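Beneath this line is the structure, given in structure tokens, with notes to follow.
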Amino acid sequence: MISINDLVHARPYPEVLGSVEVDPLQEADALQEAQLLDSRVCHLTSTAALLFELRTSLQFEVGNSALLVVRGLRSFDWKSPTQQFPLAALTVVSSAADRLGTFHRARLEFFPEAHLAVAGDVAEFYVLEVEGIGDVPPDYLSGDLKEVQGALPSWSSACNLLQASISR
């Protein structure tokens, strides 16, 4: 097992893992209904990482979490309204990835209203199994923040790597 955070800082993980059943680095809307839980940008290493909840996803039958890592970061463009929403994850309504010259770009649209575009030299997508978070996501409206966070994958969560896709 490896922590999700350690995976972010590892150089591309060995490609001995199974290939991704639906590849968001190649297929439009592969992340539909997945939920964005958190994102990180490390300026020191020029890396962006997006942590997803897969238990709500329409496309993935294995794994409960996913990680999208962009190395050689060129841009990270986040847009959301100034209106505050109740505690909730952002649900992917549209996802697309493409190649622009020598770099990779991913664009995501969310509900409630938000948009993210990230681009860099290398994109990696990992399907993960985080133990101890249950079979269904938490009820954001009934639990307090600590309870909700305890039922979700986090950067410190230990995980098993199930599948990977790396686009250089």
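Rule-based calculations on the coordinates, nothing more; no lab input. On a predicted model such as this, the values are computed, not experimentally measured, just so you know. Reconstructed Cβ throughout: ideal geometry from the backbone, glycine too, with neighbour counts over all protein chains shown.
Report the calculated FRET efficiency for residue 98 and residue 40 (r = Cβ-Cβ distance, R0 = 22 Å), to the nearest 0.05.
The calculated FRET efficiency here is 0.45.
Quote the charge dipole size of the chain about the Cα centre in Debye, to the nearest 20; the model charges only the Cβ of Lys and Arg (+1) and of Asp and Glu (-1).
Charge dipole of the chain: 740 debye, to the nearest 20.
Could you compute the net charge surrounding residue 76? Neighbours are other residues with a C-beta less than 15 Å from the C-beta of residue 76; K and R count +1, D and E count -1.
Surrounding charge for residue 76 is +3.
Set Lys and Arg Cβ to +1 and Asp and Glu Cβ to -1, take the dipole of the chain about its Cα centre, and tell me which of 95, 3, 41 lies farthest positive.
Of the options given, the answer is 41.
Quote the relative contact order of the chain in percent (integer), defining contacts as alpha-carbon pairs under 8 Å separated by 6+ residues.
29 percent
How many percent of Cα pairs in the range 58-168 exceed 21 Å?
That fraction is 49 percent.
Nearest 500 deg cm²/dmol is fine: what mean residue ellipticity at 222 nm does the chain get from its DSSP H runs of n ≥ 4 alone, each adding -39,500 (n - 2.57), divided by its residue count?
-1500 deg cm²/dmol
Once you mark the GluC sites (Glu not before Pro) that are in a DSSP loop and have at most 15 other Cβ atoms within 10 Å, what is the longest gap between them in the chain?
Answer - 62-112.
Can you tell me which of 73, 36, 141 moves the most in a GNM of the chain? Springs connect C-alpha atoms under 10 Å apart.
Checking each option, the largest mean-square fluctuation is seen for 141.
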